[in-house]
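Below is one structure; the comments refer to it alone.
The values are calculated or read from the model by the stated rules, or taken from the named source; none is laboratory data. What you are looking at is a predicted structure, and each value in this text was computed from that prediction instead of being measured. Virtual Cβ from ideal backbone geometry, glycine too; neighbours counted across all protein chains shown. The protein model used for the area step is the full one, side chains on, heavy atoms only, and it has no ligands, DNA or RNA in it. Shrake-Rupley method; radii C 1.70, N 1.55, O 1.52, S 1.80 Å.
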Amino acid sequence: MNQDSDSSDQPTGQDPLLLLKTLQLLWTKKEMKKFKEEARRGFAGLEEPLAGLLAMLEGSGDWKGKGHSLGYCIVTELQLWMKEHPAAQQSGITLKKLQARVLSILAQCPANLLDPLISIYQLHTADRNYLLGHVSHLYHRGDYKEAAVLSIKLKLQPDQDVEKMCTPLLLQDKTNLVEDYVGDYPELQSKLLQILDTWCEPGFNIRDITSQYQGLSGYKPEKFNRKMLSKLVFRLLDRFNADPALCPNVVNQRHLRTLNYLFYKRFVEKTMTQENWTDHVQSTVGENRWLQGHLMQLLMRYCDLKTAARWAQRCNLPKEMLPYRVAEELQKLQERERVEEATKADHHEERKKEDYYQLPIPRANIHFLQTWEETQRCWEKVLRPGQVVGIDMEWKPSFGMVGKPRVSLLQLALHDEVFLLDLPRLLEQAVMEAEKEKLPHFIQRLYSDAAITKLGYGMSGDLSSLAATWSALKDTDKQAQGVVDLLTIDKQLQKGSIDWKKGGRKVDVVSPEQSDEDRGCRQPEKGLSLLVQHVLGKPLDKTEQLSNWEKRPLREEQILYAASDAYCLLEIYEKLCKDPESFGLSSDLTGSLVGKPSMKPRAKKQLNKQEVLSPSGQQCEGHQKETSCPAAPISPKEFSVVCDNMLQGLGRYLRCLGVDVQMLENEDDHRKAAEIARQEGRVILTSGLPYQTLRSQVAEGRCFSVNSSEKAKEQAVQVLKHFNVQVSLSDIFSRCQ
């Protein structure tokens, strides 16, 4: 009797396809309130709601679309209904049969249906071997993406072959899916990195892999090459915080590129000293025989036999690795080179005294501090109220390697002496003595004391590096008071192209390269060195800038350079405070600048110290500073650029906006961009290490570095904003056929 009564209200055994037609009509009319009511009434009327849902999905073609399709709405409504009616859930053999049916649907359904269906049919409880077999079937059918996505959703990766699953995805340029596939499994991350590194071995033929997938849908062989694999490996190393030792081939190739860059800096640009170059080459090559072999080839190409022989001895290379003439030169070279180096050093010292800023204090007043006992007098003097302190920091340049640099040296300059703090040694001592917070405490006291004037240049960058070195210092910039960032003053001095008169001689701030004749073939001054030249008459000697600041003991040249970098801040500040108006500055210079600084956050990419430049049109890599006086707006038709070969996506995007774009081919050398820029009057757009090379080959402000980690659209916005290019509707696609 009861059953008859229930049947009359909601007849059991309702045909799911009739329910589907009713719901389809309501969905088409967009009557969603009635749709939900009818769906719930219909689910209650189905004898087996889970089987009914599959029948509806199998009988409808409207569930495969993206977004909120009819199928998606039905599935989500059933999922909500099931939570209110748990008794409708199936188990045992019935559930297994339903799971078998739903698996065939999962391979075709859109991504937004996967999780609801997996949940409704409890696929995480299904037989694992059965699930693996189904995914294997998809894989062998050529549905590689679907197999990978389903594996991720069902967490099947630990039981699968990572190389087999990921190779076709890489060939289809689905690197994001590959990253997701190994994302939660460190062991699989390591395996993937080792596989990718194996493919980058010098003798490995990538075609051995690609030839197996010639008929692959969406196959992009042009994107599957060593360059792409190398970039992917370093991205994965960074994302997964993995040990670079997993990828010796890729790391060796990166070191080899660094080696080539160092040879270019030393022998083509001639902007790196012999000592710094030697330190970095030795650090890059280490005891790696493969790199040492390439080093010998480069030495034979760029240097003479004597230099090659000296390096062969330093690397302790076996005779069988050396050309016969190099081996012969080894014995007779040593004494002659010592004499030549001594003569060269004497000449260099004399020239530096004539051409560059010199420290006005005795060498005995420069103190290199390595123990806590030695630092006591430094603390006492530096922390006196009313003290004025010049602050600078040094760290080993990274040359694009993974990881952020650690501060190696902290320079504190007072009126009559300079303290150089060996931070790695002091920190090591503090850890051993269980007084880890000693040094951070002193630094925080120094920066937070408003009674002490702190001078710096690009202070925000220095504080970011300190924070990266010690997490205890991460909020130092927020607590800082009584600081003067001379970079701010430098911006004011650049504004309006002011001419400063020094001894009757005019110095053109905007075009420092015009005085190249007076400086021989030296590179134009920039950054702090240019400010020192303008205010004090002579530039800083920056030849030690690329030093290996982690190596101990420091050379005498490094000690003098580090002391000068900090002490010159005191002299600049003193001279500007005495007569600010003669430099075009406010008469109340001290009052307007001393206080809590406005700290801008660093760009995502960690800058090397040598990349922080004066805002005179030169750009800081990874962090573009806006000029104080923006140029007049121009149209895209008036703006012509040449894009380096790693920025072809940016080039295409700018061309769509009407910009006159020329792009380097993949095989072109970066330096070709400078040739095109000079011949055709174009601006160079580049990124990373090539920027340092290219900017010195064109006029100031004609080379711009974009953030390579951003997408083409964001890069384009950055470029248009910097050069004040105004795009109108008529410009878009004006250069496209």
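Some points to look at:
- Output for segment 134-182, where each listed residue is open to solvent by less than 70 Å² (accessible area, probe 1.4 Å), under 21 Å from L103 (Cα atoms) and not in a helix (DSSP H, G or I): G142, D143, L156, Q160
- Take the conditions (1) over 27 Å from Q533 (Cβ atoms); (2) assigned to a loop (DSSP other than H, G, I, E, B); P360 misses just one of them, which is (1).
- One residue from T469, T488, T476 being in contact with a strand residue (DSSP E or B) (Cβ under 7 Å, 6 or more places away or on another chain) and either assigned by the TED database to the domain that holds L536 or without any contact (Cβ under 8 Å) to a residue 24 or more places away in the chain (or both): T469
- Tally of residues being closer than 24 Å to S69 by Cα and of a type outside the set (S, T, N, Q) across segment 88-142: 20
- E340 being part of a helix (DSSP H, G or I) and more than 24 Å from V268 (Cα to Cα): no
- Positions within segment 323-337 being surrounded by 11 or more Cβ atoms within 10 Å (Cβ to Cβ) and either modelled with pLDDT under 80 or assigned to a helix (DSSP H, G or I) (or both), in sequence order: R325, V326, A327, E328, E329, L330, L333, Q334, E337
- Of the candidates T273, T371, T278, the single residue that is hydroxyl-bearing (S, T, Y), closer than 30 Å to Q444 by Cβ and under 36 Å from the mean Cα position of the chain (by Cα) is T371.
- Test result for A111, within 39 Å of the chain's Cα centre (by Cα), of a type in the set (A, V, I, L, M, F, W, C) and open to solvent by 40 Å² or more (accessible area, probe 1.4 Å): yes
- Residue match in segment 312-320 (condition: free of Cβ contacts under 8 Å to residues at least 24 places away in the same chain, open to solvent by less than 70 Å² (accessible area, probe 1.4 Å), under 26 Å from E544 (Cβ atoms) and assigned to a helix (DSSP H, G or I)): no
- Residues in segment 199-219 that are closer than 23 Å to E146 by Cβ, of a type outside the set (G, A, S) and either exposed (fewer than 14 other Cβ atoms within 10 Å of the Cβ) or without any contact (Cβ under 8 Å) to a residue 24 or more places away in the chain (or both): Q212, Q214.
- Residues satisfying the stated conditions in segment 189-198, i.e. over 21 Å from the mean Cα position of the chain (by Cα) and open to solvent by 10 Å² or more (accessible area, probe 1.4 Å): S190, K191, Q194, I195, T198
- For segment 68-103, the set of residues classified as under 49 Å from the mean Cα position of the chain (by Cα), over 17 Å from P16 (Cα atoms) and buried (at least 17 other Cβ atoms within 10 Å of the Cβ) consists of S69, Q99, L103, listed by residue number.
- When restricted to residues that are exposed (fewer than 15 other Cβ atoms within 10 Å of the Cβ) and either under 21 Å from I676 (Cα atoms) or in contact with a Pro (Cβ under 9 Å, 6 or more places away or on another chain) (or both), segment 703-731 contains 3.
- A413 in contact with a Gly (Cβ under 9 Å, 6 or more places away or on another chain) and either at pLDDT 85 or above or over 27 Å from E373 (Cβ atoms) (or both): yes
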